[in-house]
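See structure below.
The values are calculated or read from the model by the stated rules, or taken from the named source; none is laboratory data. Predicted model only: the values in this text are computed from it and were never measured. We place every Cβ from the backbone using ideal geometry, glycine too, and count neighbours over all the protein chains shown.
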Amino acid sequence: MKVLAIETATPASSIALGDGRATVASAKRVDRQGHGGFIVTAIDFCFDQAGWNPADLDAITVDVGPGLYTGIRVGLSTAQGMAAALGVPVIPVRSLDAIALRAATGHRHIYAVVDVRRGELAVASYRPVPGGVVKDGPPEVMSPDHLRAMLESDAGEVLVVGDVESLPEATFRGLHRVKSGRPRYPEAAALLDLAAGPLQKDEFPSPEDLRPLYLREPDVSIAWKQFRQEGPWENTASA
Amino acid sequence: MTVDLNSGSDSDTRAIGRRLSGLLRAGDVVVLCGTLGAGKTAFVGGIADGLGIDEYVTSPSFVLMKKYTSGFIPLVHVDVYRVGSLGEFEDLDVYEESLSSVLVVEWGDAVAASLPGDHLKILIEITGETDRRVQLVPNGNWTKRPLEEMSE
């Protein structure tokens, strides 16, 4: 089972090829805005190193967020384009799950965080189990203060992983049961592990139905009449 | 403190933009409001001049976003005139672009909910055939910036 993993949802972009047992090639680059320039070169590099062709692939897995909007779309559209050309499935994976999976703890309650800009974070919590982690619930977007309140009310030992460095220093001040740790960003190799289950069970949506997971507020139409007489711009292409 | 300026021509409006550029730093957000023909693009052209950008600034109404990188600070010029929803605007990922640039958003008041609270709002009002009133309204930390320099 040959799988390509595309991770561009955070400042750390990475690509990995796995054969179902191990990662056979990978490439990585950290740059908040460099996803587009990295991705195709890195995929080429990985195929070259592994000695595979794109036609050898059985599946593609991609991080659909939450994270950086442009990064997520670069990764997702690349995955969808390749899937359409190769006729292979795409398995969507969440950034927070990929971070939590690599958290190094045997007993601590894990909080994975991703910076989703404008001073907010996406947060999900997990419990370590043999061979992986189990998510407590769906991810939420919150302020660093809200995260602090959550950590304060957690009675157990806690490990916070993800982009902890983007948080204000005061977030963890005085919280003795809370440790922060690695990884800071999700990596493509972790996507390979997360995709294995759904791939085995044949559980994945159609590639064209995949959408970025921004976790933002429901979309709001602009009330253009409030801002100019002529109202909204008419989209003639669809008329 | 709101600053009110008068412009008698397109080149006056441009000069005001050029003067404002001296106050701008990377990460700043300028929201630009005014009806069609008020001189928004001329104003941004002035900002570009002042930032040392040697490219010619044209309206981004059609392409939504333009980036000019030949000056001291990159300038990101966005026009949301054709954008239908806040989601569409956020899809442009203007925030990421703006961290290391000066960001100017035309019709920005329509997407205020998706912009940072710290921004300078500029209203250009048509008061005569070529006369314009240019109003600079500071928001958030802009209230502590030396805007009064603009009226000297």
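Numbers below:
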quantity: Meets criteria (in contact (Cβ under 8 Å) with a residue 60 or more places away in the chain, in contact with a His (Cβ under 9 Å, 6 or more places away or on another chain) and not assigned by TED's automatic domain parsing to the domain that holds A:Leu175) for A:Val74; calculated: yes
quantity: Out of A:Gly119, A:Gly156, sole residue that is more than 16 Å from the chain's Cα centre (by Cα), part of a loop (DSSP other than H, G, I, E, B) and either among the acidic types (Asp, Glu) or modelled with pLDDT under 90 (or both); calculated: A:Gly119
quantity: Restricting the range B:68-97 to residues that are crowded, with 21+ Cβ neighbours inside 10 Å, touching a strand residue (DSSP E or B) at 6+ places or on another chain (Cβ under 6 Å) and within 11 Å of chain A (Cβ to nearest Cβ), the residue that is nearest to A:Ala223 (Cα to Cα); calculated: B:Asp79
quantity: Filter pass, A:Leu215 being touching a residue at least 24 places away in the same chain (Cβ under 8 Å), on the phi > 0 side of the Ramachandran plot and in a loop (DSSP other than H, G, I, E, B); calculated: yes
quantity: Number of positions in the range B:102-152 that are assigned to a helix (DSSP H, G or I) and in contact (Cβ under 8 Å) with a residue 60 or more places away in the chain; calculated: 9
quantity: Residue that is modelled with pLDDT under 95, surrounded by fewer than 21 Cβ atoms within 10 Å (Cβ to Cβ) and either touching a Lys or Arg at 6+ places or on another chain (Cβ under 7 Å) or assigned by TED's automatic domain parsing to the domain that holds A:Ile15 (or both), where the choices are A:Val141, A:Val133; calculated: A:Val133
quantity: Checklist (1) at pLDDT 85 or above; (2) closer than 19 Å to B:Asp118 by Cβ; (3) under 13 Å from the mean Cα position of the chain (by Cα) applied to B:Leu99, failing item; calculated: (3)
quantity: Scan of the range B:98-111 for residues that are charged (D, E, K, R) and more than 9 Å from every other protein chain (Cβ to nearest Cβ), ordered by number; calculated: B:Glu106
quantity: B:Gly128 being more than 14 Å from every other protein chain (Cβ to nearest Cβ), more than 23 Å from B:Thr58 (Cβ to Cβ), exposed (fewer than 15 other Cβ atoms within 10 Å of the Cβ) and not basic (Lys, Arg); calculated: yes
quantity: Output for the range B:31-66, where each listed residue is within 22 Å of B:Arg132 (Cα to Cα), of a type in the set (A, V, I, L, M, F, W, C) and within 14 Å of chain A (Cβ to nearest Cβ); calculated: B:Val31, B:Leu32, B:Cys33, B:Leu36, B:Ala38
quantity: Residue within the range B:9-25 that is under 25 Å from B:Arg132 (Cβ atoms), under 12 Å from the mean Cα position of the chain (by Cα) and not in a helix (DSSP H, G or I) present; calculated: yes
quantity: Criterion (surrounded by 16 or more Cβ atoms within 10 Å (Cβ to Cβ) and of a type in the set (D, E, K, R)) met by exactly one of A:Asp44, A:Asp63, A:Asp56; calculated: A:Asp63
quantity: Restricting the range A:69-116 to residues that are among the charged types (D, E, K, R) and in a loop (DSSP other than H, G, I, E, B), the residue that is surrounded by the fewest Cβ atoms within 10 Å (Cβ to Cβ); calculated: A:Arg102
quantity: Of all residues making up the range A:1-54, the number that are within 14 Å of chain B (Cβ to nearest Cβ) and closer than 19 Å to A:Pro89 by Cα; calculated: 1
quantity: Top-ranked residue of the range A:55-85 - restricted to ones that are in contact with a Leu (Cβ under 7 Å, 6 or more places away or on another chain) and within 14 Å of chain B (Cβ to nearest Cβ), ranked as nearest to A:Asp209 (Cα to Cα); calculated: A:Leu76
quantity: Among residues of the range A:169-211, those that are part of a helix (DSSP H, G or I) and not hydroxyl-bearing (Ser, Thr, Tyr), counted; calculated: 19
